[in-house]
Amino acid sequence: MKTRVVILAGGEGSRLGTLTAKRTKPAVPFAGKYRIIDFTLSNCVNSDLYDVMLVAQYRPHSLIEHIGAGGPWDLNRDFSGGVRIYTPYKGRGGKSAWFAGTADALQQNHSFIMHNQPDLILILSGDHIYAMDYEPLITFHLDHRADLTMATIRVPQEEASRFGIVQVEDNYRITGFVEKPKQPPSTLANMGVYLFNARVLDKILWQDHEDSTSSHDFGKDIMPKMIAEHYNVFAYPYSGYWVDVGTTQSYWQAHMDLLATPPPINLNYRSWVIHTRTEERPPVYIAGNANIRNSMITDGCVISENTEILDSVLSPGVFVEPGARIYKSIILTDARIGANSEVSCAIIDKRVTIGQSVRIGENIEDKPLVTTIGKACMIPDNMVIEAGAALDIELGPADFATMRVKRNETILRQGMQNDGNS
């Protein structure tokens, strides 16, 4: 059986706020040295799946640069698969190329997906954090003679309305599916992992393409239609860790999960390596009297004397000046934390400069309000940024009317355009 993987990596990720102001959601940094897309790509190669298509849309520049020819994932192959990246394009007729939905993204790339006649099409999302072997899923699909197999996971009842919810019979055959219901009929959630027989996908995509009433989305249109028309649609039960980091709160919580003992995904597990593209950085330097506990510190970081870092993740090149304190925070690449400043329950994006004696966020034990500081911001000395505040990218001292940003306040920059760099 020839399996082709199609990764949908076009998510705008607007609920991630400033983190996706200049990058698509799958390209958002994660767990110090990685990007979100690395987990899906690594799942593929660790499952011996090397024929990979990646369909991008929103601000794909940093994603394309990160993946390149696919070398870190052993996907730089010319004749035996490899990774190929596709973005929207406009053909003859002048029709807009922007994808109308997940099904439309596949339909517009139909000829590429069906090239060389694969037997199975595995459709994945590029913005989820999980470690999953797809081989048992493929075996399950073949054993059940399924037209479509959807990976599913149990979620808490209070969170079920955020997901596509599945109803199944005892043999895992799906009898009902509803997208983000206000009153969920079950807690079995769609993971956004779909395994299709290629011929069935071909047929259903063309039918959906010709339906003027369709929104061309898998969850809203394709799944309900296939169930109603009695296709063999099955739910594959997955019991591992899986999270859609779709909000700043879930992004922050996923990092806190990694710091648990034991972590839900062991990044040191050598039989399931999470591959990524990294640049050369010097070793971490930690001053003798720095206090670091339960944290992940990535190459190139400099931790000065009299500092304290607890329950936090620092990406490459972060510089922590003397006397600074960081609690339950995610600090991204090349950020600088000024002397005697305190950062609590916050997400600090790349190349942010925080002045001296600044107070950001609040160290709350139960469901903290996460504070976010956008890329390349410059925070003046003695500023106070209260819990839950959100600062736009590239803010400077002149953008702050006062020396305090209030709780849950959003500060936007004026008169500037994003340049697409990440």
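The values are calculated or read from the model by the stated rules, or taken from the named source; none is laboratory data. Just so it is clear, the structure is predicted and the values come from calculations on it, not from any experiment. In this analysis, Cβ positions are derived from the backbone assuming ideal geometry, glycine residues included, and neighbour counts consider all displayed protein chains. What goes into the accessible areas is simple: the full protein's heavy atoms, side chains included, and nothing from ligands, DNA or RNA. Shrake-Rupley method; radii C 1.70, N 1.55, O 1.52, S 1.80 Å.
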(request) Could you please give the count of residues in region 65-83 that are without any contact (Cβ under 8 Å) to a residue 40 or more places away in the chain, open to solvent by 70 Å² or more (accessible area, probe 1.4 Å) and not in a loop (DSSP other than H, G, I, E, B)? (result) 0
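Does Asp38 satisfy the criteria of being open to solvent by less than 40 Å² (accessible area, probe 1.4 Å), of a type in the set (Asp, Glu) and under 21 Å from Asp133 (Cα atoms)? Give the derivation first.
Details: open to solvent by less than 40 Å² (accessible area, probe 1.4 Å): yes; of a type in the set (Asp, Glu): yes; under 21 Å from Asp133 (Cα atoms): yes.
So Asp38 passes the test.
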(message) Anything in region 232-251 that is modelled with pLDDT of 95 or more and more than 20 Å from Ile153 (Cα to Cα)? List them, or say none.
(response) none
(request) Tell me, yes or no, whether region 215-234 has at least one residue that is within 26 Å of Thr20 (Cα to Cα) and of a type in the set (Val, Ile, Thr). (result) no
(message) What's the number of the only condition in (1) at pLDDT below 95; (2) surrounded by 15 or more Cβ atoms within 10 Å (Cβ to Cβ) that Leu310 fails to meet?
(response) (1)
(request) Name the single residue, out of those in region 104-135 being open to solvent by 10 Å² or more (accessible area, probe 1.4 Å) and assigned to a strand (DSSP E or B), that is farthest from Leu49 (Cα to Cα). (result) His128
(request) Among the residues of region 206-223, write down those that are buried (at least 21 other Cβ atoms within 10 Å of the Cβ), of a type outside the set (D, E, K, R) and in contact with a helix residue (DSSP H, G or I) (Cβ under 7 Å, 6 or more places away or on another chain). (result) His216, Phe218, Ile222
(request) Please work out which one of (1) at pLDDT 95 or above; (2) touching a helix residue (DSSP H, G or I) at 6+ places or on another chain (Cβ under 6 Å); (3) part of a loop (DSSP other than H, G, I, E, B) is the condition Leu41 fails and give its number. (result) (3)
(request) Could you please tell me which pairs satisfy a Cβ distance under 8 Å, a separation of 6+ or placement on different chains, a first residue in region 17-33 that is under 19 Å from Ala389 (Cα atoms), and a second residue that is among the basic types (Lys, Arg) and buried (at least 24 other Cβ atoms within 10 Å of the Cβ)? (result) Thr18/Lys375; Ala21/Lys375
(message) Can you pull out every residue in region 250-303 that is more than 26 Å from Ser62 (Cβ to Cβ), open to solvent by 60 Å² or more (accessible area, probe 1.4 Å) and polar (S, T, N, Q)?
(response) Thr261, Asn266, Asn268, Ser271, Asn289, Asn294
(message) Anything in region 136-163 that is part of a strand (DSSP E or B) and closer than 15 Å to Tyr238 by Cα? List them, or say none.
(response) Thr149, Met150, Ala151, Thr152, Ile153, Arg154
(request) Return the only residue of Ile292, Ile222, Ile227, Ile265 being of a type outside the set (Phe, Trp, Tyr) and modelled with pLDDT of 95 or more. (result) Ile292
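Please pick out the residue among Ala31, Ala56 that is open to solvent by less than 20 Å² (accessible area, probe 1.4 Å) and within 22 Å of Leu258 (Cβ to Cβ). Let's see the steps before the verdict.
Numbers: Ala56 fails: within 22 Å of Leu258 (Cβ to Cβ).
Matching residue, one of Ala31, Ala56: Ala31.
Here's a check for you: in region 326-342, which residue that is crowded, with 24+ Cβ neighbours inside 10 Å and not β-branched (Val, Ile, Thr) is farthest from Gln253 (Cα to Cα)? Working first, answer last.
Keep residues of region 326-342 that are crowded, with 24+ Cβ neighbours inside 10 Å, which gives 326, 328-332, 335, 337, 341.
When the remaining residues are screened for being not β-branched (Val, Ile, Thr), the result is 328-329, 332, 335, 341.
On the way: Lys328: 10, Ser329: 10, Leu332: 16, Ala335: 21, Ser341: 23 Å.
By that ranking, first place goes to Ser341.
For region 343-367, which positions are β-branched (Val, Ile, Thr) and either under 23 Å from Pro29 (Cα atoms) or open to solvent by 10 Å² or more (accessible area, probe 1.4 Å) (or both)? So that I can check it myself, show each step before the final result.
Taking region 343-367 as the starting set, the residues that turn out to be β-branched (Val, Ile, Thr) are 343, 347-348, 352-354, 358, 360, 364.
Within region 343-367, Val343, Ile347, Ile348, Val352, Thr353, Ile354, Ile360, Ile364 qualify.
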(request) Name the residue, out of Phe163, Phe196, that is over 14 Å from Met226 (Cβ atoms) and buried (at least 22 other Cβ atoms within 10 Å of the Cβ). (result) Phe163
